[in-house]
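The values are calculated or read from the model by the stated rules, or taken from the named source; none is laboratory data. This is a predicted model, so every value here is computed, not measured. Quick reminder, even Gly has a Cβ in these numbers, built from the backbone with ideal geometry, and neighbours come from all protein chains shown.
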Ligand SMILES: Cc1cc2nc3c(=O)[nH]c(=O)nc-3n(C[C@H](O)[C@H](O)[C@H](O)COP(=O)(O)O)c2cc1C
């Protein structure tokens, strides 16, 4: 698989096959992802990847804990209509694929709630870093996460990033033995093999046209 194939076949997977993630594969991915760039070579990211019993135990704790107040804000772009429309676009695609009507709030909430078990992915990565990391280091962590996602594709694996897990930052830190004062919890990442037949893994996603995003200057 070349890089273009890895980029274009990656999508957020929200239905997984009942098939374990091989330790050799996930270890190889994480080992290679260490070569992601970071400002000042700080390499701010840290993570724990859980499967089997330890994952089930954490999921049981999450299921019995109410969502907490978020420690960071992912919603602020919604205040501008253009960004709100992008969010609505992806939500519409996902709920339509799941056969959930626009006004069926209960079914929508239940579908969102499937984040809590990472859509039954056999492995989940939990990502965190020391609180002294600021915007540039959050961005570095995003680059590393994308590197992980692309390397997973090379191994035939799939993923879904999960900010949702920030609702359970305290439970996750406790489960992983992380100091609350030192560590900011960022996100989860569901990892496994995609159910290629599931409609939720096959709906059309939209992207902003290139010309709206990037200016090419000096080529004409
Ligand atoms: C940092 C980050 C956090 C995300 N959190 C969630 C999440 O909690 N639940 C979810 O279903 N998707 C989540 N997503 C997936 C996005 O909704 C998805 O990337 C976006 O809609 C584009 O679709 P694609 O990944 O299929 O290309 C997240 C993506 C990123 C990059």
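Report yes if residue 29 is within 18 Å of the chain's Cα centre (by Cα), part of a loop (DSSP other than H, G, I, E, B) and away from the ligand (no atom under 16 Å from the Cβ), otherwise no.
No, not satisfied.
Run down 54, 67, 20, 44 and say which single residue is more than 16 Å from the ligand (Cβ to nearest atom) and in a loop (DSSP other than H, G, I, E, B).
Criteria check complete, one pass: 20.
So, in the range 144-164, of the ones that are within 11 Å of the ligand (Cβ to nearest atom) and assigned to a helix (DSSP H, G or I), which residue ends up farthest from residue 30 (Cα to Cα)?
164
Return the total of residues in the range 70-81 being within 15 Å of the ligand (Cβ to nearest atom) and not in a loop (DSSP other than H, G, I, E, B).
Counting residues in the range 70-81 that are within 15 Å of the ligand (Cβ to nearest atom) and not in a loop (DSSP other than H, G, I, E, B) gives 3.
Can you find a residue that is part of a helix (DSSP H, G or I), modelled with pLDDT of 95 or more and either farther than 30 Å from residue 19 by Cβ or in contact with a helix residue (DSSP H, G or I) (Cβ under 7 Å, 6 or more places away or on another chain) (or both) anywhere in the range 122-134?
Within the range 122-134, not a single residue is part of a helix (DSSP H, G or I), modelled with pLDDT of 95 or more and either farther than 30 Å from residue 19 by Cβ or in contact with a helix residue (DSSP H, G or I) (Cβ under 7 Å, 6 or more places away or on another chain) (or both).
Considering the range 165-191 alone, what residues qualify as being within 14 Å of the ligand (Cβ to nearest atom) and either touching a strand residue (DSSP E or B) at 6+ places or on another chain (Cβ under 7 Å) or part of a strand (DSSP E or B) (or both)?
Across the range 165-191, the qualifying residues are 165, 166, 169, 172, 184, 185, 186, 187, 188, 189, 190, 191.
Could you list, ordered by first residue, the pairs with Cβ atoms under 6 Å in which the first is in the range 109-121 and closer than 13 Å to residue 67 by Cα and the second is near the ligand (Cβ under 9 Å from one of its atoms), at least 6 apart or interchain?
Listed by first residue and then by second, the contacts come to 115/162; 115/164.
Enumerate the pairs (first residue in the range 192-219 and free of Cβ contacts under 8 Å to residues at least 24 places away in the same chain; second residue anywhere and in a loop (DSSP other than H, G, I, E, B) and surrounded by 10 or more Cβ atoms within 10 Å (Cβ to Cβ)) with beta-carbon separation below 6 Å, excluding pairs fewer than 6 apart on the same chain, so at least 6 apart or on different chains.
Every condition considered, no pair remains.
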